Every structure is written in structure tokens, then in C-alpha cells.
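Below is one structure; the comments refer to it alone.
The values are calculated or read from the model by the stated rules, or taken from the named source; none is laboratory data. Since the model is a prediction, treat every value here as computed from it, not as a measurement. Note that each Cβ is placed from the backbone with ideal geometry, even for glycine, and that neighbours are counted across all protein chains shown. When the accessible area is computed, the model is the full protein with side chains, heavy atoms only, and any ligands, DNA or RNA have been set aside. Shrake-Rupley method; radii C 1.70, N 1.55, O 1.52, S 1.80 Å.
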Amino acid sequence: MPNVRLIGRDSVNVQAGDAGLRMFLLGRFELRAGGDLIIDEAWHHRNAKALLKLLALQSDRSLHREQVLDAFWASLDPSAAAANLRKILFDLRAEFTARRVTAQVVTIADDMVVLSPEISLDIDEFRSCARAARSSQNRIELYEEAIAFYGGDLLVEDGYEESTEGPRRELRDLHNELLMELSQLYAAAGKLELAAERLQRLLRADPLDEDANRLMMRLYAEAGSRQKAHRQYKTFRVALRREIGAAPSEETKTLNRDILAGKVDSVGRAGPVHPA
């Protein structure tokens, strides 16, 4: 049996094996040791699972003990809330002990509840890859690598949780921006099919992205299909009116007219413009 040691009264520290831990938050919630699934959305300890997610979303992977108690048990008296937190830590310890996994999972020190820095997070990997791509002097392969890390929207099963709304929007926007920049890179290299495929992925996620719709119109125009370009414009115009009661910008309207008049026959060759 693994040797289980508590650091202080309220810590989880399981000593066994050497498999690295990795937590997935994009597209699904899973905690894995190597290739072995330890915890996923079906795990029945709801609050223990929620605590792992909440800590993983903090920039320093920690929250003050009182913040955790307030987040989960604001209506309980302090002693009852503290007992519930100890129960969460017990459930985590028991799960990891049963799986014979080496991990310092959650600790409480100086009244801070901390998720172990030894756990790799897919959201951190995605952000790191995005930074590398954007600082790479427009290396397409690094953009593809970053996009491949995005397994889907953040914690989709927790769509109504207030704590997930901001991070979900931020990560989704970053993914969409990378798709747009990669599409621009492919277009600048004359690889129109690849540019269009990446744009289609972006437009499935955000059909109201006007920059993406304009670039798709230009790609169709360069490929010699004015009618497809015009159809893209009409699809965007209808979606914009239906969803937010707005009309395309004058820039987009002008582009549509120019394409139909045969004035647009090539895509600009500049690389992606990174947000400030």
C-alpha cells in the first residue's frame, strides 16, 4: 500500500509511484496520471471535484481558506463549513491512495488552499503555446501546435457557473484569434484551401466575427468564385440581423460591392496583426 502522509491537519499528500499528473479543463474535465484516468466528470464527489476546478482557474492555483468556505458553504456556520472542507480533502486523499498515485494534490498552509504546482494544466499549455506562436516570427507550425492544444471550450459542463465565464471567454477568444492569424498566414503564403479551412473552424465557433467573414469573402474572390463570396456576405448579414439586430459595417458592404464588380482578385499578403 502507498504511504500516505498528511502535511499539517488539512493537506493531501500521497506518496506512491512517479506518474505525472495532468488536468484537462478544455472540452472535458479529467485528471490523469500518465495514461490512467483518476477523476472525471462522472466522479461522484461533487464538491471535491468542484474544488479542483476552482483552484485550477486561479492564476496562482490558490485561494484563501475563507474564500473557499464562502464559495461552497456561505450559509453554514464556520465550524460546519470547515468540517466540509476537511471531508473534501479526505475524499481526494482516499481516491489517490486507492489509485496508488504519487501526488501532492491540495494543501492548506498559512490559510491558503493550494493546488499542487506539480499538476500540469492544459490551459497553461495552451497559453504557453499561443505565446510561442505569436513570438515566433509567424511560424505556421507553432500556430498549428497551439490550436491543437485547444480541446474545446473551458469546462462546458459548468456553463452556468459564474467562476468559469470570464476564463472561458478569454480562452475562446484567444483560440479564435489564433485561428484568424493562422488563416492570414496561410493566405499570405498562397495556401488558400488551408486558410479557408481554418477560417471555417473560426466561423463555426463565432459566425458573427466580421473580420473572419471579410477574409473568407476575399479568399473566395481570389479563388475566382464571386458568387461564393457574395453568399458568404449574405449569410453573415442574415446572422448579424437575427442574432443582434445589426447590419454589416460599411467596410464589409464595400468589399461585397467591390467583389461583385470584379475589383477584388487577390488577398493581401501581410502576416497576422497581433492584438495589442
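A few notes on this one:
- Number of the condition not met by Arg269 [criteria: (1) of a type in the set (D, E, K, R); (2) within 18 Å of Glu193 (Cβ to Cβ); (3) modelled with pLDDT of 95 or more]: (3)
- Test: Ala109 is over 30 Å from Arg201 (Cα atoms) and free of Cβ contacts under 8 Å to residues at least 12 places away in the same chain: no
- Every pair of residues 6+ apart whose Cβ atoms lie under 6 Å, when the first sits in region 53-82 and is open to solvent by 70 Å² or more (accessible area, probe 1.4 Å) while the second is small (Gly, Ala, Ser): none
- Taking region 109-133 as the range and being open to solvent by 30 Å² or more (accessible area, probe 1.4 Å) and of a type outside the set (S, T, N, Q) as the test, the residues that pass are Ala109, Asp110, Asp111, Met112, Val114, Pro117, Glu118, Asp124, Glu125, Arg127, Arg131, Ala132.
- Residues that are open to solvent by 70 Å² or more (accessible area, probe 1.4 Å), in contact with an Asp or Glu (Cβ under 9 Å, 6 or more places away or on another chain) and at pLDDT below 95, drawn from region 200-254: Ala223
- Among the candidates Ile88, Ile39, Ile119, Ile140, residue that is of a type in the set (A, V, I, L, M, F, W, C) and modelled with pLDDT of 95 or more: Ile140
- Filter pass, Glu181 being touching a His at 6+ places or on another chain (Cβ under 9 Å) and open to solvent by 60 Å² or more (accessible area, probe 1.4 Å): no
- Restricting the first member to region 21-39 and to residues that are surrounded by fewer than 18 Cβ atoms within 10 Å (Cβ to Cβ), and the second to residues that are of a type in the set (Ser, Thr, Tyr), the beta-carbon pairs closer than 7 Å and six or more apart or on different chains are Arg22/Ser120.
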